[in-house]
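The values are calculated or read from the model by the stated rules, or taken from the named source; none is laboratory data. Just so we're clear, the structure is a prediction, and the values are computed from it rather than from any experiment. Glycine gets a Cβ as well: all are built from the backbone with ideal geometry, and neighbour counts include every protein chain shown.
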Amino acid sequence: MDQFSVDEKGAGMRLDVFLAARFPEFSRSRIQKVIDSGAVLVNGETVAKKNAVSLGDTVQFDPQSMRDKNPGHLIAENIPLAILYEDDHIIAVNKPAGMVVHPGHGNREGTLVHGLLFHVKALSQGSEPDRPGIVHRLDKDTSGVILVAKNDESHRRFASMFAERTIQKQYVGICCGTRPAEHETIDASLGRSKRDPVRRAVREDGKQAITEYRLLGFQSGISVVRFSPHTGRTHQIRVHASLAGFPIVCDPLYGGGHDAVQRLPVLERPFAYAIYKCFTRHALHAQSVEFIHPFSHKEMTISAPLPDDFEKALALFEGKIEL
């Protein structure tokens, strides 16, 4: 990442104008998108594109994040995909943990999009050039069901359904800490953290985020929880679970790292450590989606089987958990 200071010539300029002047090879609109993504820091913090920079400000910016992402540059890759459902309009895939959904900075190959381009003849244009077919996302280490649009009309209809909250998503998470309530809804607006652009945080000026959950089982500081997000903010379930005192197991970004076990009573720690040994990623799985098919109008439920790490962890509960 390049780092430089604002000189007298640049002082007083809007951030996007300043960067456009310094990097004329990139369009101002592209620069604005990169600023909005949080990839530009001023004095170590993310700021709005309209903010003016001052003399002596330190700007951190990675020109590589600006490079052309024309879909013509995407090369299909023969990546095995677990297809759960497919018709003329959509394809549903069971995304494994560790797979990135679409190309981005640091992930230029091996994504779900690259695999889809090999297995599917056509995808929608998508919301961005490097995101053909993608109408919603899962975090890299979240496994489970993801829907993909095969044409632009399908993309438009599914995007509207997500926006109108007519698609119900169910996640299973294994958490560490406070015993959750039997059934509760968390309503806490989220936005990008001012301290760390990778993290999301509860913010009064953030976007509304609502997560409903039910407790499926609890033992020795470890809970199995079904999450039903009513909105689709980045890291929403992970942030809300942490806010409620039971962060997702093996999610150090939001308080669910191995140190969470140390906060449990001593006698509860052996079971918790056994659960943690099952995972090399955060313990969150997108188990199902339910919706009315926008073309056939049939009621659809598409489910993804639990991955091996979840099966091993749930087996430790000795049959006490019913999903």
- Message: Suppose we filter 117, 138, 147 for residues that are closer than 17 Å to residue 75 by Cβ and not assigned by TED's automatic domain parsing to the domain that holds residue 251; which single one remains?
- Response: 117
- Would you mind listing the strands (runs of 3 or more DSSP E) fully within the range 1-104 where at least 1 residues are modelled with pLDDT of 85 or more and farther than 30 Å from residue 282 by Cβ? 2-5, 40-42, 58-61
- Item | Set 84, 147: member being touching a residue at least 60 places away in the same chain (Cβ under 8 Å) and touching a Phe, Trp or Tyr at 6+ places or on another chain (Cβ under 8 Å) | 147
- Condition met for residue 215 (farther than 22 Å from residue 313 by Cα and among the hydrophobic types (A, V, I, L, M, F, W, C)): no
- Message: residue 20 - would you say it is without any contact (Cβ under 8 Å) to a residue 40 or more places away in the chain and over 24 Å from residue 191 (Cβ atoms)?
- Response: yes
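One line per residue, one yes/no per condition, for (1) in a helix (DSSP H, G or I); (2) closer than 23 Å to residue 183 by Cα:
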{"position": "242", "(1), (2)": "yes, yes"}
{"position": "264", "(1), (2)": "no, yes"}
{"position": "267", "(1), (2)": "yes, no"}
{"position": "282", "(1), (2)": "no, yes"}
{"position": "286", "(1), (2)": "no, yes"}
{"position": "296", "(1), (2)": "no, no"}
- Being surrounded by 15 or more Cβ atoms within 10 Å (Cβ to Cβ) and within 28 Å of residue 272 (Cβ to Cβ) is the filter here, so list the residues in the range 193-211 that pass it. 193, 199, 200, 201, 202, 209, 211
- Could you tell me whether residue 292 is hydrophobic (A, V, I, L, M, F, W, C) and buried (at least 17 other Cβ atoms within 10 Å of the Cβ)? no
- All but one of (1) closer than 28 Å to residue 247 by Cα; (2) in contact with a strand residue (DSSP E or B) (Cβ under 6 Å, 6 or more places away or on another chain); (3) buried (at least 22 other Cβ atoms within 10 Å of the Cβ) hold for residue 180; which doesn't? (3)
